[in-house]
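Working notes, beginning with the structure itself.
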Amino acid sequence: MSPSPSPSAPRPPLTVLLAAPRGFCAGVDRAIQIVELALARYGAPVYVRHEIVHNRFVVERLESLGAIFVDELDEVPDEAPVIFSAHGVPKSVPAEARARGLFYLDATCPLVSKVHVEAGRHHEAGREILMIGHAGHPEVIGTMGQLPPGAVTLVETVADARTVAPRTPAALAYITQTTLSVDDTAEIVSVLRERFPAIQGPHKEDICYATTNRQEAVKAIAGRAEAMIVIGSPNSSNSMRLVEVARRAGCPNAFLAQRGADLDLGAFAGLSTIAITAGASAPEVLVEEMIGTLGTAFEVRVEEVRVSDEAVQFKLPRALTG
């Protein structure tokens with residue numbers, strides 16, 4: 001990081017275009033509340049299978065409160081409560097928990113659960129399912145794990161859409177990961193519909209409202225910014241998509257940063273306008289931290305650019321509210 005100017009030196013002006021909506025979505029907020037309320041009700045430790053959301057700041061704060069994050073259920077003691085992450089899990093995971101008699105809470109985002117239900121309905125109707133998503137992502141693993149092996153085929157790219165060879169083209173459906181690029185997904189769906197006119201899709205698009213809104217907010221400011229900071233973790237799909245969207249929408253100098261300390265302030269020398277947004281698992285405190293870091297080297301003027309308002313809330317599990 002470049003050294004900050006001396007207190008007597010004038011700081012150059014810098015306009016920060018702040019995207020809105022940004023940061024936490026309702027599913028992330030619910031998942032974090034589930035961990036916090038479980039700790040308050042049952043006491044530490046509470047175990048969490050995988051990162052509750054993809055943000056190290058959030059995970060480390062919950063660890064400080066007594067949450068223990070594990071990769072698999074065999075790391076959870078028999079008497080301890082366990083929480084499943086917001087990304088969802090294969091059916092085999094709650095089945096294993098029940099077999100062991102574990103008390104568990106499911107923090108799966110309701111919009112991810114909606115996709116799980118869709119997949120089940122298509123399967124019951126005898127349709128082969130194509131899932132548009134990223135291999136290895138927990139949400140994709142969880143969704144494909146709702147059905148028997150081979151029932152769902154993953155389609156990651158337009159090239160995949162052009163070459164995929166379903167066994168039953170006349171009885172075909174598609175579902176999608178909730179955190180994809182809206183534009184990329186539309187292109188993939190277009191290819192699938194062209195190749196398989198009878199393919200069934202969701203009644204309402206699977207890409208969640210928060211992903212869509214955050215991408216639209218980035219598009220609204222990308223053309224005005226000389227650089228864009230996307231606050232988020234490298235393993236956060238929706239954050240990485242925001243970087244891609246910004247670059248395509250007119251800001252090639254868009255990049256991911258997790259904390260204010262990650263910034264090279266010298267890289268902004270000579271710039272007059274930059275933009276900031278945050279992925280759906282990044283808390284607002286990190287946005288404030290990022291602006292504060294910029295303020296050590298620049299005279300910052302913040303202009304919030306809002307494209308939509310969000311008032312979505314999801315109910316918490318009854319076990320925590322009764």
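The values are calculated or read from the model by the stated rules, or taken from the named source; none is laboratory data. Being a predicted model, the structure only gives us computed values, none of them experimental. Here the Cβ is made from the backbone with ideal geometry for all residues, glycine too, and neighbour counts use every protein chain on show.
A few remarks follow.
- Criterion: surrounded by 23 or more Cβ atoms within 10 Å (Cβ to Cβ) and either on the phi > 0 side of the Ramachandran plot or outside the structural domain of residue 46 (by TED's automatic domain parsing) (or both) - qualifying residue of 101, 133: 133
- When segment 164-209 is filtered for residues that are assigned to a helix (DSSP H, G or I) and not β-branched (Val, Ile, Thr), the ones remaining, listed by number, are 183, 184, 186, 187, 190, 192, 193, 194, 195, 209.
- Exclusive hit being closer than 12 Å to residue 131 by Cα and either surrounded by 17 or more Cβ atoms within 10 Å (Cβ to Cβ) or not aliphatic (A, V, I, L, M) (or both), set 179, 157, 163: 157
- Criterion applied to 153, 143 was being polar (S, T, N, Q), over 19 Å from the mean Cα position of the chain (by Cα), at pLDDT 95 or above and on the phi < 0 side of the Ramachandran plot, and the one residue passing it is 153.
- Some residue of segment 268-286 being among the acidic types (Asp, Glu) and either under 23 Å from residue 133 (Cα atoms) or out of contact with any Gly (no Cβ under 8 Å at 6 or more places or on another chain) (or both): no
- Residues (within 33 Å of the chain's Cα centre (by Cα) and at pLDDT below 95) located in segment 1-32: 1, 2
- Of all the criteria given as (1) assigned to a helix (DSSP H, G or I); (2) surrounded by fewer than 24 Cβ atoms within 10 Å (Cβ to Cβ); (3) more than 20 Å from the chain's Cα centre (by Cα), the one not satisfied by residue 212 is (3).
- Of all residues in segment 212-240, those satisfying the criterion of being among the basic types (Lys, Arg) and touching a helix residue (DSSP H, G or I) at 6+ places or on another chain (Cβ under 7 Å) are 214, 219.
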